[in-house]
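Below: one structure, written as structure tokens.
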Amino acid sequence: MMQSMNALEQTKFDKQGLIPAIAQDYQTGDILMFAWMNKESLALTIEKQQAVYYSRSRKRLWFKGEESGHIQIIKDIYTDCDRDVILLKVEQVGGIACHTGRASCFFQKLDKNSWDTVADVIKNPKDIYG
């Protein structure tokens, strides 16, 4: 645990105490989602080997999959050269990372001047969240 604490101290959080975090499928390399972490959520992610984020809207920790069951199991954790962005390589349980029921939150592609949906819904969000 001492090494983890050292890593936390070396991580550069912004003025609000947050750091951007990108979740990437460890097998395919697909970018699944973007979220924020604070020191506590990063520490819990390291400890539990499961993604924990900080919800700015709810102002609380958000254990990915706490409602949907679509947890993210940590395979590796990286930071960039400035140590101000986190990259989580994860196993996405259930194959759904997005609250819209898609595999990835990045399912809208720019086509000239409009956003086109380029990925299908895997499971209806009403069936996931009730």
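The values are calculated or read from the model by the stated rules, or taken from the named source; none is laboratory data. As the structure is a computational prediction, the values presented were derived from the model and not from experiment. When we count neighbours, we look across all protein chains shown, and the Cβ atoms used for this are built from the backbone with ideal geometry, even at glycine. When the accessible area is computed, the model is the full protein with side chains, heavy atoms only, and any ligands, DNA or RNA have been set aside. Shrake-Rupley method; radii C 1.70, N 1.55, O 1.52, S 1.80 Å.
See the values below:
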{"item": "The chain - percent of accessible surface contributed by carbon and sulfur, probe 1.4 Å", "result": "50 percent"}
{"item": "Cβ-defined net charge surrounding Glu66, 14 Å radius [Lys, Arg +1; Asp, Glu -1]", "result": "+3"}
{"item": "From the coordinates shown, mean projected area of the Cα convex hull in nm² corresponds to which of (i) 10.8; (ii) 9.2; (iii) 11.6", "result": "(ii)"}
{"item": "Highest to lowest packing among 63-70, 99-106, scored as the average C-beta count within 10 Å", "result": "99-106, 63-70"}
{"item": "Charge sum, other residues only, whose C-beta stays under 10 Å from Asp25's C-beta, Lys/Arg counted +1 and Asp/Glu -1", "result": "0"}
{"item": "Length-normalised contact order for the chain - Cα pairs under 8 Å, 6+ apart - percent", "result": "21 percent"}
{"item": "Most mobile listed residue (Asp111, Asp30, Asp80) in the chain, GNM with C-alpha springs under 10 Å", "result": "Asp111"}
{"item": "Total charge dipole magnitude, the chain, about the Cα centre, Cβ charges on Lys, Arg, Asp, Glu only, Debye to nearest 20", "result": "380 debye"}
{"item": "Neighbourhood charge, 9 Å Cβ-Cβ cut-off, centred on Lys12 and excluding it, Lys, Arg +1 and Asp, Glu -1", "result": "-2"}
{"item": "Distance from the range 34-51 to the range 106-130 (C-alpha centre basis), Å", "result": "26 Å"}
{"item": "Heavy-atom surface of the range 56-130, accessible at 1.4 Å and reported per residue (Å²)", "result": "67 Å²"}
